[in-house]
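Read the structure below first, then the notes.
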Ligand SMILES: [Zn+2]
Ligand SMILES: [Zn+2]
């Protein structure tokens, strides 16, 4: 089923024509719980991976504050929590099992296998940037925190799906994930949708950002119960008119809690472009939730920082240059 972002309440580029040349296309991915196969675009689904290609691992180092748990413990915990929520209640042994999923195990001595995060076929994602001769983007990560950004460490793989022969049937699982399991996505199918975005206010010239805030404060006063206070109204452009939240390809960065910094390629110094944005929530109850999903609550298992986004950038001069990642 298609997913449709509700129309914005103002065509902001018509009100502020200076914004028009800054419009960028983003493809919202709209991940929803499902059972994707290796032939599908997915979040947290199985990857089309050649049997003879080594599975990537992370050698760390990993900050060792809390003991890690296993992916199986996180899945067991989620199942028991779901049963508790659905009103069946938990038996005493189930409550004990739930408790035990938090205990943790000693850090594994070897490298940690990476975990599939996203697999995107170019046929599904209009305008997906990709190296010539490839049609498939695969993103994996080590589901632990890494200094200095306190985020998972991602790996980006491009390949030609036609050149993958025999498939790896049972990829290894990471031995260690964070105690809360917040980097272990549930398998999701995607419902890509193209939208237009404009820069977050922090990326605009200050004078323009101020004029937009003045305008939204006047224009939307008393029109939306979620935006009552003048400060909330002044943030209306940030919240509702510029950058779509959640999982997406391309578009603009959701700069909100940190000052925007120009993401420069470490190899050639050119300005990098947003590739994939990983959201904390598939649905957030905001005015950006698709009309088809009104009232739907779905937890796909990801939490970046305090409900932030993790954004991967690529170098448009060369796909061989390492990507950058940032929390926003
Ligand atoms: Zn790692
Ligand atoms: Zn570069």
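At 4 °C and a viscosity of 1.567 mPa s, what translational diffusion coefficient does Stokes-Einstein give for segment 222-328, taking Rh as the Kirkwood radius over Cα pairs? Give it in µm²/s as a whole number. Present the calculation step by step, with values, prior to reporting the outcome.
On the way: Rh = 15.5 Å.
The estimated diffusion coefficient comes to 84 µm²/s.
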Checklist entry - What spacing in nm lies between the two simple spin-label points modelled at residue 147 and residue 67, each 7 Å away from Cα in the Cβ direction? => result 2.4 nm
Checklist outcome for this item: One checks the Cα atoms of segment 47-120 and finds Rg and Dmax, in Å, of 16.4, 47
Next on the checklist: For q values of 0.17, 0.22 Å⁻¹, compute log₁₀ I(q)/I(0) with the Debye formula on a Cα-only model of segment 241-298, without solvent.
Outcome noted: -0.68, -0.96
Next on the checklist: On alpha carbon coordinates alone, what is the Rg over Rh value for segment 70-220, Rh being the Kirkwood radius?
Outcome noted: 1.10
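Could the peptides 279-288, 247-256 be put in order, highest first, of the mean number of other beta-carbon atoms found within 10 Å of their residues?
247-256, 279-288
I need the calculated FRET efficiency for the pair residue 11 and residue 92, taking r as the beta carbon distance and R₀ as 45 Å, to the nearest 0.05. Walk me through the numbers on the way to the answer.
On the way: r = 58 Å, r/R0 = 1.30.
Approximately 0.15, to the nearest 0.05.
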Item to check | 0 to 90° range, to nearest 10: angle between helix 71-85 axis and the chain longest Cα axis | outcome: 70 degrees
Next on the checklist: Which residues does the label zone of residue 37 cover in segment 169-206, counting backbone N under 15 Å from a point 7 Å along Cα→Cβ?
Outcome noted: 169, 189
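Between Rg and the Kirkwood Rh of segment 17-91, both from Cα atoms, what is the Rg to Rh ratio? Numbers along the way, then the final one.
Values: Rg = 20.2 Å, Rh = 17.8 Å.
Checking Rg against Rh, the ratio lands at 1.13.
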Next on the checklist: Run the helix sum for the chain: -39,500 (n - 2.57) per DSSP H stretch of 4+ residues, divided by residue count, reported at 222 nm to the nearest 500 deg cm²/dmol.
Outcome noted: -4000 deg cm²/dmol
Checklist entry - Does anyone have the angle between helix 206-219 and the longest principal axis of the chain? Alpha-carbon axes, 0 to 90°, nearest 10? => result 80 degrees
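What value in Å³ per residue do you get for the convex hull of the alpha-carbon atoms in segment 15-141?
Working: hull volume 29.8 nm³, N = 127.
Looking at segment 15-141, the number lands at 234 Å³ per residue.
So what is Rg over Rh here for the chain, counting just Cα atoms and using Kirkwood for Rh?
On the way: Rg = 20.9 Å, Rh = 21.3 Å.
Rg/Rh for the chain comes to 0.98.
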Checklist outcome for this item: Across all Cα atoms of segment 130-283, Rg and the largest Cα-Cα distance (Dmax), in Å, are 19.7, 61
Checklist outcome for this item: P(r) over all Cα-Cα pairs of segment 200-249, 5 Å bins from 0 to the longest distance, whole percent per bin, short to long, reads 4, 22, 29, 21, 13, 8, 1
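No value in this document is a laboratory result; all are computed from the given coordinates. In this text the structure is predicted, and so the values were computed from the model without any measurement. So basically every Cβ, Gly included, is an ideal-geometry build from the backbone, and we count neighbours across all protein chains shown.
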